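> My questions all concern the structure below.
Values in this text are rule-based calculations from the coordinates and carry no lab data. Keep in mind that what you see is a predicted model, and the values were worked out from it rather than measured. Glycine gets a Cβ as well: all are built from the backbone with ideal geometry, and neighbour counts include every protein chain shown.
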Amino acid sequence: MVKKVAIIGAGINGISCAVQLQNKFKSAVEVVVISEEFSPNTTGDGSAGLWGPYLMGKTPNDKIFKWSKSMHDFLKEIWLSDKAGEAGVCLIPCIRVTLEDGNIWEDIVYGCQHLNQKQLDSLNEGRARKFTRGHFFTTFTSEPLKFIPFLTKTFLENGGKFVKRRIQNLNEFSHSSEFDIIVNCTGLGSKTIVGDTKMHAIRGQVARVKANWLYCAFIDEADDGNYIIPNTESVVLGGTHQIDDFNTSIYPEDSEFIFKGCKELLPGLKHVPTLFQWAGLRPGRNDVRLEPEILSNGKIIIHNYGHGGCGVTVAWGCAEDVVKIVQTQFSKL
Ligand SMILES: Cc1cc2nc3c(=O)[nH]c(=O)nc-3n(C[C@H](O)[C@H](O)[C@H](O)COP(=O)(O)OP(=O)(O)OC[C@H]3O[C@@H](n4cnc5c(N)ncnc54)[C@H](O)[C@@H]3O)c2cc1C
């Protein structure tokens, strides 16, 4: 008999789970995505989709490594296929100035080199706050405004269904026999629908500008740092991370910080047109919640939320774990 899985949430994590469930179970499973919002109105849509672990709380490093490596491998596969342009997957050089020595990502990206003193001196010329360490490497962007629709198209072509609906509480599904398994990918929405008090917003404001001459990303990891990330048709200038701030309107002081800081880093940005500004709420949590919950009546809910500042980076790897849990639970049904 065909089994039915409902995925709640149509952000990058929900859509990744939906596609992977179809890939694994083919016509043996019917997948329905139920969500209040769809692309282009999810958190990932506003992000640049740069691959890189960031703001993941205390999520164990081995998990972050596994999940993010899986996404990197997936992006490599797309980049080497005829789908790269449609999916918005680019391979770009990056400079990431860091606060701490040692990281889990330098063995995943390509050609990672530590910046030497001469390179740091050159970056620091004329700067009040000096960079003390950093890396140069090449990695992927999967521009969510293209990447989520690309995955969505795959999902719908494979027979997937969308339902637009706001869920008040996940208990709405606990006595329904419509679905065998529910996968909760609601990001920050889990604060409300499962009452997870560990969830918090990490507000991020960015600006998108037109600068088609820019082909290199620059990321300053410091709290008062800026970043510049090219996408295919625009460049994302950032950024902020304000804990527990739920306001998605544009703050003029953040705009000033973003434009001033990025223009100091790259004076060529002084004359570029601004396309729009945007503020989104990263689904922050002490650690990512990816686990099954078996309700007293036997109903299975798989939680997959709280991916903080790198939900795009880890989505594919997390979806792989969700598929494994679904497989285990199906074998018990
Ligand atoms: C400024 C900024 C820059 C970023 N840059 C990057 C980056 O470069 N690289 C990177 O990897 N990550 C980046 N991120 C982080 C990334 O965007 C998020 O971690 C990721 O988008 C989270 O995806 P998600 O699918 O878990 O949640 P979301 O995208 O928030 O999706 C949640 C889904 O659940 C639905 N939902 C919620 N509540 C309910 C409900 N009650 N009923 C029904 N549906 C509901 C929503 O409508 C939505 O469809 C950035 C974030 C911000 C804000």
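> Whole-Hz Karplus ³J(HN,Hα) for region 81-87, in order, using 6.51 cos²θ - 1.76 cosθ + 1.60 and θ = phi - 60°, x for Gly and Pro?
Running phi through 6.51 cos²θ - 1.76 cosθ + 1.60 with θ = phi - 60° gives 10, 7, 9, 3, x, 4, 7 Hz.
> Same structure, new question: Quick query: amide H of ASP196 versus all other amide H atoms, modeled in the peptide plane; which residues come in under 5 Å with a sequence gap of 5 or more or a different chain?
Excluding prolines and chain starts, which carry no amide H, the hits are LYS191.
> Any idea how far the Cα center of region 130-156 sits from the one of region 1-46, in Å?
Centre-to-centre distance over Cα atoms comes out at 20 Å.
> If amide H atoms are built 1.01 Å from N in the plane of the peptide, which residues on other chains or at least 5 residues away come under 5 Å of the amide H of ILE34?
ILE7, ILE8, GLY9, VAL163
> Highest mean first, how do 31-37, 123-129 rank when packing is the count of other Cβ atoms within 10 Å averaged over residues?
Numbers: 31-37: 19.9, 123-129: 9.9.
The peptides rank, most packed first, as 31-37, 123-129.
> Quick check on region 27-103: take the gyration tensor over C-alpha atoms, sort the square-rooted eigenvalues as a ≥ b ≥ c, and tell me if it's rounded (a/c under 1.5), prolate or oblate.
On the way: a/c = 1.65, a/b = 1.37, b/c = 1.20.
Taking the square roots of the gyration eigenvalues as a ≥ b ≥ c, region 27-103 is prolate.
> Next up: Can you count the Lys pairs in region 127-227 with C-alpha separation below 27 Å, eight or more apart or on different chains? Could you put the intermediate results ahead of the total?
On the way: LYS146/LYS161; LYS146/LYS164; LYS146/LYS210; LYS153/LYS161; LYS153/LYS164; LYS161/LYS191; LYS164/LYS191; LYS164/LYS198.
Here the count comes out as 8.
> Given Cα pairs under 8 Å that are at least 6 residues apart, what percent is the relative contact order of region 268-333?
Working: 56 pairs, mean separation 18.4, N = 66.
Averaging sequence separation for qualifying contacts and normalising by length gives 28 percent for region 268-333.
> Next question. Would you please give the FRET efficiency between LYS26 and LYS260, computed as 1/(1 + (r/R0)^6) with r the Cβ-Cβ distance and R0 = 45 Å, to the nearest 0.05? Spell out each step's value before the answer.
On the way: r = 53 Å, r/R0 = 1.17.
E(calc), rounded to 0.05, equals 0.30.
> Cross-link candidates for LYS76: which aspartates and glutamates have Cα within less than 18 Å, leaving aside residues fewer than 8 places away along the same chain?
GLU86, GLU106, ASP107, GLU143, GLU320
> Hey, if you put +1 on the Cβ of every Lys and Arg and -1 on every Asp and Glu Cβ in the chain, which of ASN226, ILE92, SER70 ends up farthest toward the positive end of that dipole?
Checked the options; the winner is SER70.
> Another question, then. Starting with the highest mean, order 78-89, 142-153, 218-229 by the number of other Cβ atoms within 10 Å, averaged over the residues of each peptide. Please list the in-between numbers first.
Numbers: 78-89: 16.0, 142-153: 23.0, 218-229: 19.0.
The peptides rank, most packed first, as 142-153, 218-229, 78-89.
> Now for a different question. When the helix-only estimate is applied to the chain (DSSP H runs of n ≥ 4, each -39,500 (n - 2.57), divided by the residue count), what is the mean residue ellipticity at 222 nm, nearest 500 deg cm²/dmol? Before the final figure, lay out the partial values.
Values: 8 runs with 99 residues, N = 333.
That comes out to -9500 deg cm²/dmol.
> Still on this structure: Suppose we keep just the DSSP beta bridges with both residues in region 3-332; what percent of those would be antiparallel, to 5? All intermediate terms of the calculation are to be shown ahead of the outcome.
On the way: 40 of 62 bridges.
Around 65 percent antiparallel, to the nearest 5.
> Also, I was wondering about something else. Which of the listed residues, CYS310, TRP79, GLN117, is farthest toward the dipole's positive end in the chain, when Lys, Arg count +1 and Asp, Glu count -1 at the beta-carbon?
Among CYS310, TRP79, GLN117, the one farthest towards the positive end of the dipole of the chain is TRP79.
> Turning to a different aspect of this structure: What are the equivalent ellipsoid semi-axes of the chain, built from the alpha-carbon gyration tensor (square roots of five times its eigenvalues), in whole angstrom, biggest first? Spell out each step's value before the answer.
Numbers: eigenvalues 257, 79, 69 Å².
Here the semi-axes work out to 36, 20, 19 Å.
> Helix hunt in the chain: which complete DSSP H runs extend at least 15 Å axially by C-alpha with mean Kyte-Doolittle at least 1.0? Spell out each step's value before the answer.
Values: long enough: 12-25 (20 Å, 0.36); 61-79 (26 Å, -0.84); 144-157 (19 Å, 0.60); 252-265 (20 Å, -0.59); 311-332 (31 Å, 0.40).
Passing helices, by number: none.
> Still on this structure, I have one more. How large is the charge dipole for region 3-332, taken about the Cα centre, if only the Cβ atoms of Lys, Arg (+1) and Asp, Glu (-1) carry charge, to the nearest 20 debye?
For region 3-332, the charge dipole is close to 460 debye.
> Let me ask you something else. List the residues whose amide H sits under 5 Å from the amide H of ASN231, counting only those 5 or more places along or on another chain, with H placed 1.01 Å from N in the peptide plane.
Under 5 Å from the amide H of ASN231: VAL236.
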